Structures are given as structure tokens and as C-alpha cells.
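Engineer: Structure below; questions to follow.
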């Protein structure tokens, strides 16, 4: 059976969260948005200082979802063949034949750890996989498993020896999620769990086929025109050349978000609505994902640098002003 109802999706969300909470303390919004991106077939970028459980969240999620999982530690000497695989010569029956050895990219869930530490050539190989869901080796295209999802991590405090992700690759990520330090009570719970108890046993909750069913429902879910209008208005408001853009965008933005942002605003809103058991999203769902969809797509200019304005500050201002309209 391929059909799945919004109530079943909401129940799956509850079971997944319950299992994650055995290992992860806090980070409820990050977990919810990460699940939304997975359900919407979107790749996700996790940004945070070391020790905030970025890797642990993704690894734990792969166990609960029963997905094949590979972690790739990106380093300055990593080459494209190290992640996508290569052809090697094998001798069979006194004949030399080319045999393809798949790389770690051939898995359902990829954790690209510290993705900004690898050179542009290797980043480009990952970009093709994220966009096309296939890789090209020796002139031959090879399809990646379905579902295929990339969750990349990035350390914002270490810039020496890094290669900033190009805008084209940043645009392939549905969400950029910033992890913050835990509250004191949460940190105390983390210490208790990791120093006083053994690692809990996780119960697999959802299969790859179940995930594909949810992803099909996200695509099929209806959206009202006024919700689409609101999403498009938000994306357009980040563009400095738009006469209707807020002053903050015209003053501080070099390049605004493109149409892919509008698409991801709607897909993210649909996935969030389904997590809550609703078949159709509302403008509030769009607003909840807006910061995470737009902040890495808004490129600020030199005036913003001088004024101490970051892209998330500009997006926050836009959300306040566009939110004043009547939808």
C-alpha cells in the first residue's frame, strides 16, 4: 500500500521523536526541521560549534529510520573519487577488466562532516550528487539509492584552511540550521546521560519505503494560492532590485533568494503541516521555515558589513515587515 494519511505521518513523527529523545537532549526545533527536510526530499546544512551533537543527531536518525548511512569526514586532501568511487583494473581469467568500486556516497543518508574543509573539485562532485541524485564516473552515470539525502555540517568558528561553499552549492540545501548551546538544565542532563549511563538501545521506527511514502504525500499535499503568494512574496522581498522590497533588502543585500527558495518554503511548510497531522499548510508554517530557507540564500553587501548586519538580521527584518500584510 502506497498511501499514507497525515495522521499516520504525525504518529510516525511522534515515534521518531520519542526514540531520538533517548539519545538527544533538547534541540527540539532542530530535530523537527531536520525531519521536515528529510520528508520533503531536501538536503540540510547544520551549522554549530563542536560538541553540539550535530553528528550524533544524524547518526541516531539513520538508525531509527533504518536507512543505509555513511559518514564522510571532509579534509583538504579528499578527492572526488574518495566519495563517489572509482574504476579499478581487475584480472579475471587472464583478462584485465574495469570494475567499479562504489564510494561512500552510495547510501540513503550521507553525513558530510565539515563540508567546507574540502577543495572545490570535491565539493563539485558532492553538488552533482545532491542535485542529480546520480554520479558520473568514466563517462557513465550511476544512480544513487532512493531515498538519497545529504546532511552536511559546518563549523562557523574555524575559517583557516577552509573552502567557503559557493552560492550555487549553498542553494542546493533546503535548510541551514544553526545549533545553539544547550540551556544549563539540558547540559546537566547531557552530562548525566553520557557519564552515568550506558548508551540506550534504539528501536527502528520507519523503513526506507515508509519514508518514500511520506515523501510522495508531501509532493501531493494541496496548497492554497494565498499560501503560495505569501511564500513568493517573502522570497521576492529579499531581492534588492524589487521595488516592493523592504529598505533593509535594498540597503544591505547584494543578491537575494531565487525561485528555489519559494519552492523550498512551500515544500518545508507542507512537511511541517504533515508532521502536525494537517494535509495542507498555512502561512504560519511558511513563516516557521522562512529563516532556515532564506538565511543562506541572502548575500549581503559591504554596507551590511559596515553596519554589522548579517543575512539572518536582514531576513528577520523582512519577516517582520512582510508579516504585517494581510494574508
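The values are calculated or read from the model by the stated rules, or taken from the named source; none is laboratory data. Note that the structure is a prediction, hence the values are computed from the model and not measured. With ideal geometry, Cβ positions are generated from the backbone for all residues, glycine too; neighbour counts draw on all protein chains shown.
Engineer: Return yes or no: is residue 19 over 15 Å from the mean Cα position of the chain (by Cα) and either part of a strand (DSSP E or B) or without any contact (Cβ under 8 Å) to a residue 12 or more places away in the chain (or both)?
Structural biologist: Spelling it out, it is not the case that residue 19 is over 15 Å from the mean Cα position of the chain (by Cα) and either part of a strand (DSSP E or B) or without any contact (Cβ under 8 Å) to a residue 12 or more places away in the chain (or both).
Engineer: List pairs: first in the stretch 298-317 and over 18 Å from residue 242 (Cβ atoms), second at pLDDT below 90 and assigned to a helix (DSSP H, G or I), Cβ under 6 Å, 6+ apart or cross-chain?
Structural biologist: 309/252
Engineer: Oh, and also: Filter the stretch 24-45 down to the residues that are under 15 Å from residue 215 (Cα atoms) and part of a helix (DSSP H, G or I) and list them by number.
Structural biologist: 33, 34, 35, 36, 37, 38, 39
Engineer: Does any residue of the stretch 232-239 turn out to be in contact with a strand residue (DSSP E or B) (Cβ under 8 Å, 6 or more places away or on another chain) and without any contact (Cβ under 8 Å) to a residue 24 or more places away in the chain?
Structural biologist: yes
Engineer: Do we have residue 86 as under 16 Å from the mean Cα position of the chain (by Cα) and closer than 30 Å to residue 142 by Cβ here?
Structural biologist: no
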